[in-house]
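Asks: Quick one: structure below, then a few questions.
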Amino acid sequence: MAIRQMLRRSLSGERRSPSEVPKGHVAVYVGENEKTRFVIPVSYLNQPSFQELLYQAEEEYGFDHPMGGLTIPCNHDFFLEVTSRLGGL
């Protein structure tokens, strides 16, 4: 399944319980103002381009994330650009 399709599926407005995240994936919240939930493969967390996003999250929020989960403070288009490049891994 293409990364954009996987990410779009996670964009529905429904709140999902943590148990609905597939094994090997993690939910993240992305956005500068309004946060959108994305479900990504955990393998992305080790990639340098994604680690830069994690560094930004650490700088912005420390370890106290306002959404109660991993929150990444970048715009949606940039996040989709980064994750689409990682989709071929």
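The values are calculated or read from the model by the stated rules, or taken from the named source; none is laboratory data. In this text, all values refer to a predicted model and were calculated from it rather than measured experimentally. So basically every Cβ, Gly included, is an ideal-geometry build from the backbone, and we count neighbours across all protein chains shown. Protein only, heavy atoms only, side chains kept; ligands, DNA and RNA dropped before computing areas. Shrake-Rupley method; radii C 1.70, N 1.55, O 1.52, S 1.80 Å.
Asks: Here are the criteria: (1) assigned to a loop (DSSP other than H, G, I, E, B); (2) modelled with pLDDT of 90 or more; (3) surrounded by 13 or more Cβ atoms within 10 Å (Cβ to Cβ). Tell me which single one K23 does not satisfy.
Replies: (3)
Asks: Evaluate the following for P41: is it surrounded by fewer than 10 Cβ atoms within 10 Å (Cβ to Cβ), at pLDDT 90 or above and not basic (K, R)?
Replies: Criteria not met by P41.
Asks: I need every pair where a residue in the stretch 70-88 that is hydroxyl-bearing (S, T, Y) has its Cβ under 9 Å from the Cβ of a residue that is assigned to a loop (DSSP other than H, G, I, E, B) and open to solvent by 40 Å² or more (accessible area, probe 1.4 Å), sequence separation at least 6 or different chains.
Replies: From residues that are hydroxyl-bearing (S, T, Y), the pairs are T71/K35; T71/H65; S84/A2.
Asks: Return the residues of the stretch 54-84 that are at pLDDT 90 or above and of a type in the set (D, E, K, R); say none if nothing qualifies.
Replies: Those that are at pLDDT 90 or above and of a type in the set (D, E, K, R): D77, E81.
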